[in-house]
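Engineer: Dumping the structure here so I can ask a few things about it.
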Amino acid sequence: MRVTFLGTGTSSGVPVVGCDCATCRSDDPRDKRWRPSIYLDLDDATQVLVDTSTDFRSQALAFDITGLDIILFTHHHADHVMGLDDVRPFNFRQRRPIPCVGSASTLAALRRMFFYVWDRSTPKGGGLPQLRLLEVTGPFCLGPTEVVPVPILHGSLPILGYRVDRFAYLTDCSEIPEASWPLLEGVEVLVLGALRHRPHPTHFSLTEAVEAAARIGARQTYFTHMCHDLPHAETCASLPPSVTLAHDGLVVEL
């Protein structure tokens, strides 16, 4: 399995519009963060996108994404779904609808937000994304690879993380319910949201993310969904040896 980090920033991205802080002015390319998403290449056979971030078109061009078999959605917030219309080129090339997997509430939100896709009165001249919405109710397989949805909390909103074999992706997380901890046993590579140093009502702080990573005990943990409060080099230097910040374009082989 190959994991590509397409975006590792928050809903505002980094640099933040109009901000003059050191991170937003940084020359370190690792401090440039598109909105959060990852791309999984499962044994060169199945291409999986997790969330269609606002920056998806730019991400696909920058990281040479040419195939897309299925999309897994964590939740319906704008920074995770607003690039959905940009999957149309994959429809044109692959000539088939793209399955979109998510919770019932996420799929209902997608139908509201992108209502024109399913509205029979929508003019077809510009082309519409061809999507097949599938509610996730438990573990499922992509070829020989098992995918396990991991219920987590984003403030008071129940959302999903995903475990794919020995890899797990938990973004926008503020709490892992007790029933979900066993689903993470044996994970070797973990991706976990870590927003900033200060506490936040809907996201792990850096300290909270470090504590959760220690409890899960993965061989390697990457933090994502960072705001401009966390400069890459300085923050990484303060973290435990098995923990680091991810950055846009990072590729991890499992």
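The values are calculated or read from the model by the stated rules, or taken from the named source; none is laboratory data. All values reported here derive from a predicted model rather than from experimental measurement. As a convention, Cβ positions derive from the backbone with ideal geometry for all residues, glycine included, and neighbour counts pool all protein chains shown.
Engineer: If you check every pair at least six apart or on different chains, which have Cβ atoms under 7 Å apart with a residue in segment 104-119 that is over 11 Å from Val81 (Cβ atoms) and modelled with pLDDT under 95 first and a residue that is of a type in the set (Lys, Arg) and part of a helix (DSSP H, G or I) second?
Structural biologist: Once the first residue is over 11 Å from Val81 (Cβ atoms) and modelled with pLDDT under 95 and sits in segment 104-119, its partners that are of a type in the set (Lys, Arg) and part of a helix (DSSP H, G or I) give Trp118/Arg111.
Engineer: Additional query: In this structure, is Leu170 surrounded by 12 or more Cβ atoms within 10 Å (Cβ to Cβ), under 16 Å from Ser105 (Cα atoms) and not basic (Lys, Arg)?
Structural biologist: Against the criterion (surrounded by 12 or more Cβ atoms within 10 Å (Cβ to Cβ), under 16 Å from Ser105 (Cα atoms) and not basic (Lys, Arg)), Leu170 does not qualify.
Engineer: Is at least one residue of segment 15-33 farther than 15 Å from Tyr162 by Cβ, in contact with a Gly (Cβ under 8 Å, 6 or more places away or on another chain), of a type in the set (Gly, Ala, Ser) and part of a loop (DSSP other than H, G, I, E, B)?
Structural biologist: no
Engineer: What is the residue count in segment 1-14 for residues that are in a strand (DSSP E or B) and either surrounded by fewer than 16 Cβ atoms within 10 Å (Cβ to Cβ) or out of contact with any Gly (no Cβ under 7 Å at 6 or more places or on another chain) (or both)?
Structural biologist: Number satisfying all stated conditions: 7.
Engineer: Separate question: What's the number of the condition Pro158 fails, among (1) at pLDDT 95 or above; (2) surrounded by fewer than 17 Cβ atoms within 10 Å (Cβ to Cβ); (3) not in a strand (DSSP E or B)?
Structural biologist: (3)
Engineer: Name the single residue, out of those in segment 174-207 being part of a helix (DSSP H, G or I) and in contact (Cβ under 8 Å) with a residue 12 or more places away in the chain, that is farthest from Pro151 (Cα to Cα).
Structural biologist: Leu206
Engineer: Ok, one more. Out of the residues in segment 35-84 that are crowded, with 22+ Cβ neighbours inside 10 Å and acidic (Asp, Glu), state the one that is farthest from Val251 (Cα to Cα).
Structural biologist: By that ranking, first place goes to Asp79.
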